[in-house]
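One structure below.
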Amino acid sequence: MTALSPTLELACDLIRRPSVTPVDEGCQELMMRRLAAAGFALEPMRIEEVDNFWARRGGDGPVLCFAGHTDVVPTGPLQSWQHQPFDALIDAQGMLCGRGAADMKGSLASMIIAVERFVADHPKHKGAITFLITSDEEGPAHHGTKAVVERLRERGERLDWCIVGEPSSTTLVGDVVKNGRRGSLGCTLTVRGKQGHVAYPHLARNPIHLAAPALAELAAEHWDNGNAYFPPTSFQVSNLNSGTGATNVIPGELKAVFNFRFSTESTVEGLQQRVRAILDKHGLDYELDWALSGLPFLTQPGDLLDAVAASIKSVTGRETTPSTSGGTSDGRFIATLGTQVVELGPVNATIHQIDERVLASDLDVLTEIYYQTLVNLLA
Ligand SMILES: [Zn+2]
C-alpha cells in the first residue's frame with residue numbers, strides 16, 4: 001500500500017464523515033482547522049439548521065473565492081454499493097469510491113491542499129483568498145450559500161472571482177468548465193371549467209378541452225434562439241392533472257405544472273407576459289402560480305475564465321470548453337454580487353448515483369489546476 005497524496009488523504013477523511021444534507025458531521029471543522037493554520041480568519045455562520053463558514057486571508061485588492069458544499073445526497077440502498085459509501089476506498093482501477101467523491105468532497109480537498117501550498121509559496125500574495133462553504137446545497141438550500149451571500153452583500157464584501165468546485169468535467173478533468181447556468185422558472189397553471197355530466201356537455205365547461213389547444217401552443221412556441229453561450233429557452237410540462245376518476249363526469253378544473261429553463265435572451269417578465277397572452281387568446285379562465293428558482297448567469301471571457309483556461313492548459317495540455325449546460329448550482333447566488341463565477345471540478349459521470357466514484361489521480365490534477373489558477377491571479 002503506497003502512501004496517499006495529501007489531497008487524497010483529505011478527500012478520504014471528508015468522505016468518511018457521513019454528511020447527508022444538511023448534516024455536516026465535522027467536515028467544516030476539519031476544513032477550518034486547516035485554513036486557520038494557513039493564516040485564514042474564520043467566520044462560522046450557522047443559519048437555522050445549516051452549518052456554513054466564511055474564511056478570508058489577505059488584504060486589499062482582488063478577492064478570489066473558493067465555494068462549495070460539504071453535504072452529500074443520501075446513499076440509497078447500502079446493499080447496492082460495491083464498497084460501502086462512507087468507507088472511501090480506492091479500488092483496483094484507481095477510482096476513489098464513496099458518496100461525495102465527485103460531488104464534491106474531492107474538490108474541497110483539492111482546494112484546501114492547493115491553497116495551503118500557495119500561501120506557503122507566496123505568503124505575501126496579492127489581494128485575498130476566501131472560502132464560502134455550506135452544508136446545504138443538495139437540500140432546500142435556503143440557509144446555505146444564498147443566506148451567506150445576503151450577509152456578504154449587507155456588509156459590502158468585495159468578491160471579484162469565484163471558483164465553485166462542482167463536478168463540471170465530462171470525461172477528463174478540466175475538459176469542461178461551467179461559465180454560467182440557465183435560469184429556472186416554474187409555474188402551476190389552474191384552468192377553471194364547470195363540472196357536469198358527460199351526457200349534458202352544454203350544461204358544463206370542460207377544462208381539458210379548453211386547455212389542450214393552449215398547452216399545445218405553449219409547447220410549440222419558439223421562446224428565443226439562445227446565444228453563443230446558451231441553448232434556446234425550453235418549455236416543458238412536467239405534470240398534468242384533471243378528472244374526478246368517474247367516467248361520466250366532466251371535471252371542474254385542470255392543473256398543469258410547467259418549467260422554463262431560460263437563457264439570457266429571455267427575461268422572467270417577458271416569459272410570464274407571453275404565457276398570459278397565449279392563455280388569454282384561448283379565452284381561458286385561469287390562474288398562474290409562478291416560482292422562480294434561479295436567474296441565469298453568465299461569466300464572459302475575462303480575468304477568471306482566462307486564468308482557469310490557462311491553468312488547465314498548462315497542467316493537462318487540454319483546451320477547456322466553457323459550457324452553460326446542466327442544472328442550477330449555488331453559483332447563481334454568488335453571481336448576484338457581480339462576481340465572475342466559474343465551476344471547475346472533477347468528472348460528473350457518477351454523481352448522485354450508487355457507487356459514486358472519481359479517478360483518484362484526477363483529484364491530484366485538480367489540485368494542480370487550482371494551484372496554478374491561484375498563481376495566475378494572485379501571485
Ligand atoms: Zn454538488
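The values are calculated or read from the model by the stated rules, or taken from the named source; none is laboratory data. The shown structure was predicted, so the numbers you read here are calculated from the model rather than taken from an experiment. Neighbour counts are summed over all protein chains in view; Cβ atoms, including those assigned to glycine, are modelled from backbone coordinates with ideal geometry. All accessible areas refer to the heavy atoms of the entire protein, side chains included, with ligands and DNA or RNA removed. Shrake-Rupley method; radii C 1.70, N 1.55, O 1.52, S 1.80 Å.
Could you grab the relative contact order for the chain? Cα pairs under 8 Å, six or more apart, rounded to a whole percent. Please list the in-between numbers first.
Values: 831 pairs, mean separation 94.2, N = 379.
In percent, rounded to a whole number, it is 25.
Quick check on packing: order 206-212, 18-24, 196-202 by the mean number of other C-beta atoms within 10 Å, highest mean leading.
Numbers: 206-212: 18.6, 18-24: 20.9, 196-202: 11.0.
Highest-to-lowest ranking by the protection proxy: 18-24, 206-212, 196-202.
Once you put a point 7 Å from the Cα of VAL237 and another 7 Å from the Cα of GLN273, both along the Cβ direction, what distance in nm separates them?
2.6
Please work out the average accessible area per residue across the range 120-197, using the 1.4 Å probe convention, and give it in Å². List each step's numbers first, then the result.
Numbers: 2930 Å² over 78 residues.
Spelled out: the 1.4 Å probe surface of the range 120-197, per residue, equals 38 Å².
Would you calculate the separation in nanometres between label points at GLU154 and HIS197, each defined as 7 Å from the Cα along the Cα-to-beta-carbon direction?
Between GLU154 and HIS197, the simple spin-label model gives 6.3 nm.
Using the Karplus equation 6.51 cos²θ - 1.76 cosθ + 1.60 (θ = phi - 60°), what ³J(HN,Hα) coupling, rounded to whole Hz, does each residue of the range 247-254 give in order, writing x for Gly and Pro?
In residue order, the calculated couplings are 8, 10, 10, 6, x, x, 7, 9 Hz.
Mean-square fluctuation check for the chain, GNM, Cα pairs under 10 Å: which of ALA360, ALA214, ALA228 is largest?
Largest GNM mean-square fluctuation: ALA228.
Using alpha-carbon positions, what is the distance between the centroids of the range 65-102 and the range 333-347, in Å?
Answer, in whole Å: 24.
Which trypsin sites (Lys or Arg not before Pro) does the range 81-162 hold that lie in a coil by DSSP with at most 16 other beta carbons within 10 Å? Walk me through the numbers before you get to the answer.
On the way: sites: ARG99, LYS105, ARG117, LYS124, LYS126, LYS146, ARG151, ARG153, ARG155, ARG158; in loops: ARG99, LYS124, LYS126, ARG155, ARG158.
Loop-located and lightly packed - LYS124, LYS126, ARG155, ARG158.
Could you check how much of the accessible area of the range 282-379 is carbon and sulfur, as a whole percent, using a 1.4 Å probe? Walk me through the intermediate numbers first.
Working: 1920 of 3890 Å².
That fraction is 49 percent.
What list of ³J(HN,Hα) values in whole Hz, one per residue of the range 272-277 in order, does the Karplus curve 6.51 cos²θ - 1.76 cosθ + 1.60 (θ = phi - 60°) give from phi, with Gly and Pro shown as x?
4, 5, 6, 5, 4, 4
Taking the Cα centre of each part, how many Å lie between the range 167-230 and the range 1-38?
Distance between centres, Cα-based: 42 Å.
Taking C-beta distances below 4.7 angstrom as the pairing criterion, name the unpartnered cysteines of the chain, in sequence order.
Lone cysteines by the Cβ rule: CYS12, CYS27, CYS97, CYS187.
Rounded to the nearest 20 debye, what is the charge dipole size of the range 140-269 about its Cα centre when +1 sits on each Lys and Arg Cβ and -1 on each Asp and Glu Cβ?
On the way: 13 positive and 12 negative charges, 85 e Å.
Around 400 debye, computed over the range 140-269.
Filter the GluC sites (Glu not before Pro) in the range 304-379 down to the DSSP loop ones having no more than 13 other Cβ atoms within 10 Å, then list what survives.
Values: sites: GLU319, GLU343, GLU356, GLU368; in loops: GLU319, GLU356.
Hits after loop and neighbour filter: GLU319.
As I understand it, the value is the acute angle between the Cα axis of helix 303-316 and the longest principal axis of the Cα atoms of the chain; what does it come to in degrees, rounded to 10?
60
Among ALA92, ALA55, ALA109, determine the one that fluctuates most according to a GNM of the chain built with springs between C-alpha atoms less than 10 Å apart.
Evaluated over the chain, the most mobile residue of the options is ALA92.
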